[in-house]
Every structure is written in C-alpha cells, then in structure tokens.
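Here it is, the structure in full.
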Amino acid sequence: MSQGSRSTPVWRRIGTSSVEGQSGGDAVVIVGGGPVGLTVALDLGRRGHHVIVVNRLDYIPAGSRAICFSKRSIEIFDRLGIGEALVSKGVAWNVGKVFWGDEPEPIYQFDLLPLKDQHRPAFINIQQYHVEELLVQAVSSLKNVELRWGHRAVGVKTNSSGVTLDVLAQESSYSLTADYLIACDGSRSSVREFLGLDFQGRVFEENFLIADIRMRGERPAERWFWFDPPFNRGQSALMHKQPDDVWRLDFQLGWDIDRAAAVQPQNVEKYVRAMLGPDVQFEREWYSVYIFQCCRMSRFVHDRVIFAGDSAHLVSPFGARGCNGGIADADNLCWKLHAVRTGQAGPHLLESYNSEAVVTADENILQSSRSTDFMTPKTPTSRAFRDAVLELAAEFSFARPFVNSGRLSTAVAYPDSPLNTADVDTWSGGISPGSPAVDAPWEDGWLLDRLGERFVLLTSDWHGTQPPNVDILDVAGVATDSTALQERYELNAGAGYLFRPDQYVAARWKRVSAARVAAAYQRALGH
C-alpha cells in the first residue's frame with residue numbers, strides 16, 4: 001500500500017486528470033469524490049445529466065474510514081446498479097452482542113432485521129475504498145460524467161442563474177460554470193469556507209483508538225460491543241469483521257492522553273492482544289486516534305450551492321450514521337434536482353431537500369450524542385445510571401432499549417414533509433406517508449427492485465385510467481407472497497400507495513383513483 005499526501009494511505013492511484021479543454025456550461029458540478037459525491041454523480045449521470053466531479057485527491061484513499069453500510073444504503077446502491085457487487089464483497093450481518101465487565105458471555109444480543117423475507121441484510125461491513133472503487137467504475141462507464149482527479153476547488157462565486165467554481169490543477173487554474181454545485185467535500189469543506197458558512201453543534205471530549213488489523217481465524221460476523229471490559233477497564237471497546245481477513249477494533253482511551261504515543265505499534269498491540277489473546281497472530285493495517293463532533297449547518301441549500309454528507313453534518317462513528325446519512329442525502333436530492341432541471345418542478349422543490357435532510361441529520365445527531373453520553377459517562381451519577389441499566393438489561397428485556405452502544409443507522413421517516421398527502425382513511429397498519437418502502441417478495445424477485453426510481457402506484461386490482469407520469473404496479477394476479485405484502489402494506493383490493501422516485505411513500509388510500517393519484521403526484525413535486 002503506497003502513501004498519499006499527508007501520510008494518507010493510497011488504495012488505488014489514479015493520477016491527475018488533464019487540464020486541457022475544461023468547461024462547464026450546463027453541467028452539475030460536484031466538489032468531492034468520496035462515497036457521497038460519487039453516489040450523487042452516479043445517480044444524476046444515470047438520469048442523463050452532464051456531471052463534473054472535482055476531486056482534490058488523485059487516488060482512492062485507504063485507511064480507517066466507513067465500514068458499516070446499512071440496509072437502506074444497500075437498497076439505494078441496488079437502484080444504482082452496484083448493490084449486488086457490494087454485498088458479494090462485503091460481510092453481511094444482522095446480530096449484535098453486548099458484553100459488560102468480566103462476563104465472557106454477552107448480557108444480551110439483538111437482531112437488527114426482525115422483519116424477515118427482505119432481500120438485503122441489516123448491514124454489510126465493507127471498507128470504504130471498496131465502495132468508492134465500485135462507484136468509480138460505475139461512474140466511469142457513463143460518457144456524460146467527468147471525474148477530474150487532482151483538481152482542487154479554490155473559490156466559488158454564485159449568482160441567480162448559476163455558480164462559478166475556480167479550480168487549480170497541475171499548477172494551472174481554470175473556472176467552471178454550472179447550473180448547480182453540490183458540495184460533498186467532507187468535514188473540512190472548502191466550499192463551506194468559501195461561502196463563510198459554519199457548523200453548529202458539540203465537540204465530545206473523548207479519544208478513541210481504531211486498530212484495523214489483518215488476522216486469520218473463524219469468528220462470527222457480528223457486532224460485539226463491550227462496556228468496562230477487563231482488557232480496557234473503565235472504558236469501552238468494539239469489534240467488527242471486514243472482508244479480506246481485516247478486523248476493525250475500536251478502543252475508548254479517555255480524554256487526557258498522548259495521541260501520538262497512542263498509535264505507536266507497541267502501545268496498540270497491548271490492547272489488541274488483551275482483547276484477542278496473547279498468542280494471536282496479526283498484521284497492522286491502519287492505526288489512528290480520533291475525536292468527533294455532532295453538528296450541522298443551519299441550512300443545506302444556499303441558492304445554487306447544495307451541501308450533502310459530511311460537508312453538511314457530522315456525527316460520531318457509533319451507529320454508522322455518518323456515511324449512511326450522506327448516502328441518504330444523495331438519494332433524497334438527486335430525483336428532486338432531476339425534476340427541477342428537466343422542468344417537472346420549480347426550484348422550490350429543492351427546499352424540501354433542505355427540510356428532509358435536516359430531519360435526517362437531526363435524528364442522527366440526536367442518536368449519536370445519546371450513544372456517546374451513555375458510553376462515556378462523565379459523572380458518578382451518570383455512570384451509576386448506566387451500570388444500573390446494564391445490570392437490568394442482563395435479565396429484563398424492558399431495560400435493553402435503554403442501552404445505547406450506538407443505535408445503528410436506519411432510514412429516517414419524514415411524517416411532516418410538505419410533499420406528503422395526508423391520510424384520508426383510517427389505517428390499522430401499513431406504511432404511512434413520509435416513510436420509506438419496506439421490501440417484500442415479488443414473483444421471483446423483490447418489491448423494491450420493481451419500484452425502481454420513478455413515481456409508482458402500488459395497488460391491488462386497479463381498474464382506473466393511467467395516471468399521468470405514474471407507473472402502475474398491480475399486485476393482483478402476480479405470483480408473489482401476498483401474505484408479506486398484505487402484512488406490510490394492508491394492501492386490500494382497491495387500495496394503493498404512491499411512491500416517490502426515492503421509494504418513500506408520498507400518499508396512500510384504501511380506495512385509490514386516478515384523480516387522487518394525480519393530485520398527490522403534483523404535491524410530491526412541490527406544486
């Protein structure tokens with residue numbers, strides 16, 4: 001593994017792109033070529049838009065970054081054509097175990113996918129560089145998407161009709177004009193700095209050590225979390241399996257430490273051998289110490305400049321809400337920007353990206369903050385409360401929801417979204433407006449694959465006329481597991497669900513009609 005700038009390890013060297021013939025025009029420009037920026041590029045590119053990605057790195061970086069990709073993210077990647085490759089490479093898992101103190105057995109375990117008969121697992125573990133490489137391959141196959149490696153954004157100017165981005169590459173400079181600029185350039189976003197914008201939130205006074213190691217041996221593909229283990233007394237620890245015999249070990253270190261000394265191999269190995277045993281054979285993959293913030297921008301949409309991922313919001317790594325939250329941003333944004341740029345909707349539709357993405361960010365920040373507070377009690381009272389919860393959780397199921405070792409990322413609902421059409425019927429079950437679709441078997445495949453990335457009416461026994469711009473998916477007469485669909489959607493004859501292109505429910509009815517669908521479709525586009 002070679003080294004990049006500032007000692008960043010390199011997974012795949014690409015090289016700096018040419019600076020000749022650079023232009024923008026009617027393009028959407030994306031600053032940042034990480035997983036969020038590449039997801040935006042792939043989504044918009046598949047929809048036919050001219051996209052330019054400006055990425056300051058000229059390589060795919062390795063090192064300790066995101067590894068846990070949620071079921072929702074995998075379903076988004078399925079829609080974009082790379083889900084199967086990710087799942088085939090990754091380590092699938094549904095089970096988490098919680099340990100406490102000296103007990104060798106978990107005090108309890110949980111299943112993150114209690115609703116079975118779905119295509120994808122709750123999570124896959126896969127190193128971020130594998131995800132980025134698959135995204136790069138997919139994006140590179142699109143002639144309307146340009147990846148500009150080693151090109152650094154150095155200035156932004158905006159006006160009512162577009163954006164101008166100043167770029168530096170190979171000691172040459174040029175400018176790009178664009179309809180819209182999507183800032184996906186991470187926690188130290190240069191675009192955010194150019195516009196004089198900032199985060200609001202909280203810095204946690206705690207250090208954590210990541211030890212990515214390579215070792216052989218059979219261990220279950222589960223999430224193991226320890227409170228106050230004998231090998232890290234008074235602190236916490238975490239273990240995850242990754243592909244290629246790589247394991248992610250995470251150790252809480254406390255606040256007042258020598259961070260440079262903490263990553264020295266001899267110091268890291270003390271923790272690794274204490275956790276895994278004195279005779280374990282392993283190789284160093286990557287060691288680092290991190291602190292973190294839980295914060296966000298006040299707004300994500302600033303006229304023609306839109307922020308997504310870490311450039312817009314930051315959370316702790318516990319719960320795998322950072323990268324998954326950024327992928328959710330991309331999924332929410334792209335169909336709306338497509339509708340605006342193709343004239344199906346006005347620019348005001350992008351305000352719903354701001355409101356919905358802020359809801360997702362606030363949920364992730366709330367859960368991340370709570371998990372960190374529970375894991376790292378700072379007073380005797382808070383520690384006594386935590387230990388009492390753990391003691392009860394070992395015997396009583398009612399206490400287990402109070403244990404917070406990082407509540408893991410799930411799709412966030414938008415019950416108050418202005419794009420929803422409110423229920424006019426009384427439902428005892430089903431999926432309410434503003435909620436993401438739940439998968440179910442469909443013929444020899446799966447419902448989410450059938451929904452695709454367009455407006456779809458899922459119905460049973462449809463007899464109406466074709467609603468404009470909405471495809472019909474009629475369950476009547478389809479050789480599928482109607483029990484699963486019925487239980488998940490309460491889909492009796494005559495009922496219907498209108499899904500947005502991001503597979504969120506826009507509206508539902510016990511008795512659906514073409515007129516109702518047409519009105520809900522217009523509302524979902526912000527009309």
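The values are calculated or read from the model by the stated rules, or taken from the named source; none is laboratory data. Please read these numbers as outputs of a predicted model, since none were measured by experiment. When we count neighbours, we look across all protein chains shown, and the Cβ atoms used for this are built from the backbone with ideal geometry, even at glycine.
Here are the criteria: (1) assigned by TED's automatic domain parsing to the domain that holds Val31; (2) buried (at least 21 other Cβ atoms within 10 Å of the Cβ); (3) out of contact with any Phe, Trp or Tyr (no Cβ under 7 Å at 6 or more places or on another chain). Tell me which single one Arg341 does not satisfy.
(2)
Residue-wise test of (1) surrounded by fewer than 20 Cβ atoms within 10 Å (Cβ to Cβ); (2) in contact with a strand residue (DSSP E or B) (Cβ under 7 Å, 6 or more places away or on another chain); (3) closer than 20 Å to Pro61 by Cβ.
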| site | (1), (2), (3) |
| --- | --- |
| Glu84 | yes, no, no |
| Pro104 | yes, no, no |
| Gln109 | yes, yes, no |
| Asp117 | yes, yes, no |
| Arg120 | no, no, no |
| Phe123 | no, yes, no |
| Leu142 | yes, no, no |
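Let's see how each residue does on (1) farther than 30 Å from Lys378 by Cβ; (2) among the hydrophobic types (A, V, I, L, M, F, W, C):
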site: Leu135; (1), (2): yes, yes
site: Glu146; (1), (2): yes, no
site: Gln170; (1), (2): yes, no
site: Val203; (1), (2): no, yes
site: Asn207; (1), (2): no, no
site: Trp247; (1), (2): no, yes
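Which of the residues spanning the stretch 276-304 are at pLDDT below 95, of a type in the set (A, V, I, L, M) and either surrounded by 18 or more Cβ atoms within 10 Å (Cβ to Cβ) or part of a strand (DSSP E or B) (or both)?
Scanning the stretch 276-304 gives Leu276, Val289, Ile291.
Something else about it: If Tyr271 satisfies every condition in (1) in contact with a Phe, Trp or Tyr (Cβ under 7 Å, 6 or more places away or on another chain); (2) in the same structural domain as Gly34 (by TED's automatic domain parsing); (3) under 30 Å from Asp245 (Cβ atoms) but one, which is the exception?
With respect to (1) in contact with a Phe, Trp or Tyr (Cβ under 7 Å, 6 or more places away or on another chain); (2) in the same structural domain as Gly34 (by TED's automatic domain parsing); (3) under 30 Å from Asp245 (Cβ atoms), Tyr271 is out only on (2).
Going through Gln200, Gln170, Gln127 one at a time, which residue ends up being out of contact with any strand residue (DSSP E or B) (no Cβ under 9 Å at 6 or more places or on another chain), within 29 Å of Gly63 (Cβ to Cβ) and not hydrophobic (A, V, I, L, M, F, W, C)?
The unique qualifying residue is Gln170.
Could you please find all residues in the stretch 211-266 being farther than 21 Å from Ser88 by Cα and of a type in the set (Phe, Trp, Tyr)?
Passing the criteria: Trp224, Phe225, Trp226, Phe227, Phe231, Phe251, Trp255.
Looking only at the stretch 50-75, filter to residues that are of a type in the set (S, T, N, Q) and under 10 Å from the mean Cα position of the chain (by Cα); which one of those is surrounded by the most Cβ atoms within 10 Å (Cβ to Cβ)?
Ser73
Something else: Of everything in the stretch 424-468 that's part of a loop (DSSP other than H, G, I, E, B) and of a type in the set (A, V, I, L, M), which residue is surrounded by the fewest Cβ atoms within 10 Å (Cβ to Cβ)?
Val424
Return the only residue of Ala399, Ala413 being aliphatic (A, V, I, L, M), within 29 Å of the chain's Cα centre (by Cα) and closer than 24 Å to Ser70 by Cα.
Result: Ala413 is the single residue among Ala399, Ala413 that is aliphatic (A, V, I, L, M), within 29 Å of the chain's Cα centre (by Cα) and closer than 24 Å to Ser70 by Cα.
Here is a further query. Can you tell me how many residues in the stretch 344-354 are crowded, with 18+ Cβ neighbours inside 10 Å and either in contact with a Ser or Thr (Cβ under 8 Å, 6 or more places away or on another chain) or in contact (Cβ under 8 Å) with a residue 60 or more places away in the chain (or both)?
Adding up the residues that qualify gives 3.
Among the numbered criteria (1) of a type in the set (Lys, Arg); (2) within 29 Å of the chain's Cα centre (by Cα); (3) surrounded by fewer than 20 Cβ atoms within 10 Å (Cβ to Cβ), which one does Arg233 miss?
Among (1) of a type in the set (Lys, Arg); (2) within 29 Å of the chain's Cα centre (by Cα); (3) surrounded by fewer than 20 Cβ atoms within 10 Å (Cβ to Cβ), the lone unmet condition for Arg233 is (2).
Yes/no matrix, rows are residues, columns are (1) hydrophobic (A, V, I, L, M, F, W, C); (2) not in a helix (DSSP H, G or I):
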position	(1), (2)
Trp335	yes, no
Thr360	no, no
Asp373	no, no
Arg400	no, no
Arg407	no, yes
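Would a scan of the stretch 182-194 turn up a residue that is without any contact (Cβ under 8 Å) to a residue 60 or more places away in the chain, crowded, with 19+ Cβ neighbours inside 10 Å and not small (Gly, Ala, Ser)?
For the stretch 182-194, residues without any contact (Cβ under 8 Å) to a residue 60 or more places away in the chain, crowded, with 19+ Cβ neighbours inside 10 Å and not small (Gly, Ala, Ser): present.
Given the criterion of a type outside the set (Phe, Trp, Tyr) and either outside any loop (DSSP other than H, G, I, E, B) or assigned by TED's automatic domain parsing to the domain that holds Ser160 (or both), identify the matching residue among Gly326, Gly234.
Residue meeting the stated conditions: Gly326.
Are any of the residues in the stretch 14-28 surrounded by 24 or more Cβ atoms within 10 Å (Cβ to Cβ), touching a Phe, Trp or Tyr at 6+ places or on another chain (Cβ under 9 Å) and at pLDDT 90 or above?
Yes, the stretch 14-28 contains at least one residue that is surrounded by 24 or more Cβ atoms within 10 Å (Cβ to Cβ), touching a Phe, Trp or Tyr at 6+ places or on another chain (Cβ under 9 Å) and at pLDDT 90 or above.
Still on this structure, please answer the following. Any residue in the stretch 117-129 that's closer than 14 Å to Asp449 by Cβ: show its pairings with residues that are aromatic (Phe, Trp, Tyr) and surrounded by fewer than 24 Cβ atoms within 10 Å (Cβ to Cβ) at Cβ separation under 8 Å, as long as the two are six or more apart or on different chains.
Gln118/Trp446; His119/Trp446
Can you give me the number of residues within the stretch 507-527 that are of a type in the set (A, V, I, L, M, F, W, C), buried (at least 24 other Cβ atoms within 10 Å of the Cβ) and in a strand (DSSP E or B)?
Of the residues in that region, 1 qualify.
Mind listing just one residue for me: the one in the stretch 439-460 that is of a type in the set (Asp, Glu) and modelled with pLDDT of 90 or more and, of those, nearest to Asp43 (Cα to Cα)?
Glu453
Out of all the residues in the stretch 130-163, which are among the hydroxyl-bearing types (Ser, Thr, Tyr) and at pLDDT 95 or above?
Passing the criteria: Ser140, Ser141.
Right, another one. Against the definition (within 19 Å of the chain's Cα centre (by Cα), at pLDDT below 95, over 19 Å from His49 (Cβ atoms) and of a type outside the set (S, T, N, Q)), how does Ala169 come out, yes or no?
no
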